[in-house]
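Here is the structure we will look at, set down as structure tokens.
The values are calculated or read from the model by the stated rules, or taken from the named source; none is laboratory data. None of the values given here were measured: they were computed from a predicted structure. Don't worry about glycine lacking a Cβ; one is built from the backbone with ideal geometry, like all the others, and counts go over all protein chains shown.
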Amino acid sequence: MLNENIKALRKSKGLSQQELAVKVNVVRQTISKWEQGVSVPDSDLLIALSEALETPVSTLLGETVSESEADAVKAIWEKLEIINLQFARRKARRRRIFHCLLIALCAGIGMIFAVLAVLNSPYLGWDDSAPETAVMGVAFQAFEWAFVRLAPFALIAALAGVFLTRKRA
């Protein structure tokens, strides 16, 4: 019973006999003898074995751990690994999209600044006697006033975002 449990638990943890032997601080042949039922570990080694296999001593000494349970645990572990990989890919894709959007925001702010610099505040020369141009002049002036005061903060925030979302080597 003990020999079967050691073997089943070792396999469920994905350990080789050599890896388990290193964890328990014995030679590989000792693990092999335990699994074959040729010998049994003393109390100190039994405790070390339970710690290495992350299972209580009572489980090692108790009822048989079936290989199918070990296989089920391994299957669940593999599924969780796939799910974690999918989450990591999704997170990387979202980061890339956010990074590109921040770069586009920086470029857009830069282009608007360039257009405003080239136009050199055209509402100052507009004829305010016509109602259409007066309303358009006031709207343009309000846009320019708000943009010139708020865009630097937005640009700094976007540049910080670009820096923080860059791909790290």
So E63 fits all but one of (1) at pLDDT below 85; (2) surrounded by 13 or more Cβ atoms within 10 Å (Cβ to Cβ); (3) under 13 Å from N5 (Cα atoms); (4) among the acidic types (D, E); what number is the exception? (2)
When R90 is run through (1) of a type in the set (K, R); (2) farther than 30 Å from A160 by Cβ; (3) exposed (fewer than 12 other Cβ atoms within 10 Å of the Cβ), the failure sits at (2)
Would you be able to say whether some residue in region 144-161 is assigned to a helix (DSSP H, G or I), surrounded by 13 or more Cβ atoms within 10 Å (Cβ to Cβ), small (G, A, S) and at pLDDT below 85? no
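Among I103, I82, I76, I47, which is modelled with pLDDT of 85 or more and loosely packed, with under 11 Cβ neighbours inside 10 Å?
I82
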